[in-house]
1. Please work out if A:Gly350 is in a helix (DSSP H, G or I), modelled with pLDDT of 85 or more, surrounded by fewer than 19 Cβ atoms within 10 Å (Cβ to Cβ) and under 25 Å from the mean Cα position of the chain (by Cα).
2. Just a yes or no: is a residue in the range A:211-218 of a type outside the set (Asp, Glu), more than 23 Å from A:Gly624 (Cβ to Cβ) and surrounded by fewer than 24 Cβ atoms within 10 Å (Cβ to Cβ)?
3. Assess whether A:Ala247 counts as being in contact with a Gly (Cβ under 8 Å, 6 or more places away or on another chain) and more than 21 Å from A:Ala333 (Cβ to Cβ).
4. Of the residues A:Val52, A:Val11, A:Val26, only one is farther than 30 Å from B:Trp75 by Cα and in contact with an Asp or Glu (Cβ under 8 Å, 6 or more places away or on another chain); which?
5. Among the residues of the range A:551-584, count how many are more than 14 Å from every other protein chain (Cβ to nearest Cβ) and either within 23 Å of B:Ser74 (Cα to Cα) or touching a helix residue (DSSP H, G or I) at 6+ places or on another chain (Cβ under 6 Å) (or both).
6. Restricted to the range A:67-86, and to residues that are part of a helix (DSSP H, G or I) and β-branched (Val, Ile, Thr), which residue is farthest from the other protein chains (Cβ to nearest Cβ)?
7. Of all residues in the range B:144-164, count the ones that are outside any strand (DSSP E or B) and within 14 Å of chain A (Cβ to nearest Cβ).
8. Yes or no: A:Leu317 more than 10 Å from chain B (Cβ to nearest Cβ) and at pLDDT 85 or above?
Amino acid sequence: MIAELGHFALVLTLMVALAQSIVPMVGAARGDLRMMAMAGPAASAQFALVLVAFGALTYSYVVSDFSVYNVVSNSNSLQPMLYKVSGVWGNHEGSILLWVLILALYGVLVAMFGGNLPPTLKARVLAVQGIIAVGFSAFLLLTSNPFERVFPVPVDGNDLNPLLQDPGLAFHPPMLYAGYVGLSTAFSFAVAALIEGKVDAAWARWVRPWTLVAWIFLTAGIVLGSWWAYYELGWGGFWFWDPVENASFMPWLVATALLHSAIVVEKRDTLKSWTILLAIIGFSLSLIGTFLVRSGVLTSVHAFATDPQRGLFILLLLVVAIGGSLALFAWRAPAMKGGGLFQPISREGGLVLNNLLLSTAAVTVLLGTLYPLFLDVLELGKVSVGAPFFNATFVPLMFPLIVVAGFGPMLAWKRGDLAGALQRLKVAALATLAIVGVAAWLSWGLKAVGVAGIALAAWLACATLAEFANRINLGRGSLFNSLRRARGLPRSSWGMTVTHFGLAVIIAGITGASLWRTEAIQEMKIGESVDVAGYNYTLDKVENLRGPNYFVERGTFTVRHDGKVYTVMEPEKRKYFVQQRETTEAAIYTTFMKDLYVVLGDGKDGAWVTRIYHNPLVPWMWMGALIMVLGGALSLSDRRLRVGAPKRHAAPAMAQLAGAE
Amino acid sequence: MTFRHFLYLLPLLVFLGISIYFAIGLGKDPREIPSALIDKPVPQFELPLLVEDLPGLATADFGGEVAMVNVFASWCIPCRIEHPVITRLADEGILPVYGLNWKDEKEDARAWLNELGNSYTRIGWDLSGRVGIDWGVYGVPETYIVGKQGRIRYKHVGPISREALNETILPIIRELQAE
């Protein structure tokens, strides 16, 4: 009964979304305020309905209603409650339902916080969101109904994929989806602007917070996924360049570019078509990512039928959404005139370079991801593109990007003074050299390339701090004065400083994790010990225990450093009852500078394969990511974004509207 | 059309190019696992029986007539979905349908068959999954068709729907039986 209720709510969602996409759009074209005003309530109704559907599915999971096919396939009565709930989105149908729910949530938020938007723009934005909702709710109803029943009712369920039974991964999809779908708002704004034929500073100011929200969630989601891979897959790696990861990384790169180019539109009224294009591409890449992951063109999830119908439907959605918006772009964008001119060496110049590098990076990742598909289609054989390709193409692009990220904020708008900027960055350059010296000394004997990574991180951190010091006049005048200036700085400016600094910390972390790692794989008997990077690990015992829905083999290692007991680590190997799959739970001991990482492998005749890693600077990746997310949140709290555009922008906007039509 | 206009059109063209690849990529079965065993003789194996009154399964049981091997397990939900299709096919007597019970406890598998019905002519019990590996089983359910010469001629991955049965599998069976 509850499941049917959810199904019915989903049907109503489709109807409401249809109305939301047509009526306000027509109203905006006709100048009919009443028709336009329908957008807001429709968005609220749509959200309420999806919430009912989502609630119904969640309820079915919570009470373990095994007459629902989706529940029986992905849940089990023994499963802890957390994973019963996260099982809702741990499968194809449920995850698309979550997608639609988040989309509807963004719709409501636009309706709520879009009070200062011009009515036609607001109506069109919500109508475009409505169109996306139509596509996805139809997708759910026609090919991926989460409420399908199964008869006869099975006694117990198939269990959630054990790899997904993990607190980190329970919250990874909602975060990531909040990011993916958040980009739909920027997309809707871009399409609405193309229909209206005008883009101005005010538009950029409205788009920015939505992009920022999406970016924050994307960042958090990607890092959560990476963190999960790090501790759960048991190889000490954190990024594997597989299609699913790339699918989330490409939108992130484009969203980052968009955040920067929107600043140029806002401050200098130029780079408009480019910014629009980025907004379209950002969401397009989210959609393509969904397509790649869900259609099984690239990866196949064996345990479950991939349905060619589904792939075809998403492809159709792609062609309509991306093809349609890009066609609109080709038609309308040439009419948009750029505003301010600028010299190559200027803040704009720096941001353009940032955009070029970031989008090239995104294209590189896209190529690497699709290359196997291209070859397969051309019957040239099956290949996989791995880390070497990305290390050779993507990483070199990041070097100039980070160097420019240090300079850029020092340059003035329109015409920058490179010599002056260099002068002000002298201290930063010296500090960088000092740090590099220390790093080289500390890492003597390890891979020398790592020092280049540390140099990059140190440069970005020092230049960012120098720019901040310069901005608050530190060292010129009293300290009190500087503190007052710091307090008075706009939050967005704080946001930039904090985010760039966070990036520097991440780069240092990635460098340490990928280049300076020490690993040792060996067979160990009880009582044996091994030395890894100055730490001595002794295998004390291995016990067999039982968890709620799995068996555990737990090893106990005593770690000694300089002859004293340093810590005790307990890695586990779990075997889940239902799917008979094994997962490894690495034991990780984290300090400020490093992780100790121990994995218990297969045991035979009283000896166990153990993998022990010494991972310097890994904690910095997670810290850096946290700092970046914090920086994004700071920037989001900027007063300007909440209050909206000042009046003075109204005049040029009107002039442009007149010019375009 | 000016060069400027062409530049604005470029993103659309690139996307359309990519989507053509997507469309063709979809047409190819993404999970078409190039089974190295297609057209090879059935591997050498001998499996014990699962149910008391039905014989087990071994290499010697193949050859002479076209037969189907359905790999299933009680813990596999898609198997539950395809089971009525398999049962009906077996009941129609078009060809012998053998079961290969994969990585399953005996009691669970028997209970499963008691509940859902059992029309297999033979069932081999592969607790360790070793024989499954020889057959090239990646997961359950999978279904193989073995020709008159005792060679594996076709492999279906995932549950068999009625459409797949009528449109793909039955024609193949008829073709092989006519050979």
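The values are calculated or read from the model by the stated rules, or taken from the named source; none is laboratory data. Bear in mind the structure is a predicted one, so any value in this text is a computation, not a measurement. Cβ sites come from the backbone with ideal geometry, for glycine too, and all protein chains shown count toward neighbours.
1. Values: in a helix (DSSP H, G or I): yes; modelled with pLDDT of 85 or more: yes; surrounded by fewer than 19 Cβ atoms within 10 Å (Cβ to Cβ): no; under 25 Å from the mean Cα position of the chain (by Cα): yes.
So A:Gly350 fails the test.
2. If we filter the range A:211-218 for residues that are of a type outside the set (Asp, Glu), which is where we start, we get A:211-218.
When the remaining residues are screened for being more than 23 Å from A:Gly624 (Cβ to Cβ), the result is none.
Checked against the condition, which is being of a type outside the set (Asp, Glu), more than 23 Å from A:Gly624 (Cβ to Cβ) and surrounded by fewer than 24 Cβ atoms within 10 Å (Cβ to Cβ), the range A:211-218 yields no hits at all.
3. Details: in contact with a Gly (Cβ under 8 Å, 6 or more places away or on another chain): yes; more than 21 Å from A:Ala333 (Cβ to Cβ): yes.
When the stated conditions are applied, A:Ala247 passes them.
4. A:Val26
5. At the first step, the residues of the range A:551-584 found to be more than 14 Å from every other protein chain (Cβ to nearest Cβ) are A:551-574, A:583-584.
Checking the rest, the ones that are also either within 23 Å of B:Ser74 (Cα to Cα) or touching a helix residue (DSSP H, G or I) at 6+ places or on another chain (Cβ under 6 Å) (or both) come to A:551, A:574, A:583.
Number satisfying all stated conditions: 3.
6. In the first step, residues of the range A:67-86 are kept if they are part of a helix (DSSP H, G or I); the result is A:69-74, A:81-86.
Still in the running and β-branched (Val, Ile, Thr): A:71-72, A:85.
Working: A:Val71: 10, A:Val72: 6, A:Val85: 20 Å.
In this case the residue turns out to be A:Val85.
7. As a first pass, look at the range B:144-164 and keep what is outside any strand (DSSP E or B): B:147-150, B:158-164.
Narrowing further to those that are within 14 Å of chain A (Cβ to nearest Cβ): B:158-164.
Total meeting the criteria: 7.
8. Values: more than 10 Å from chain B (Cβ to nearest Cβ): yes; at pLDDT 85 or above: yes.
So A:Leu317 fits the description; yes.
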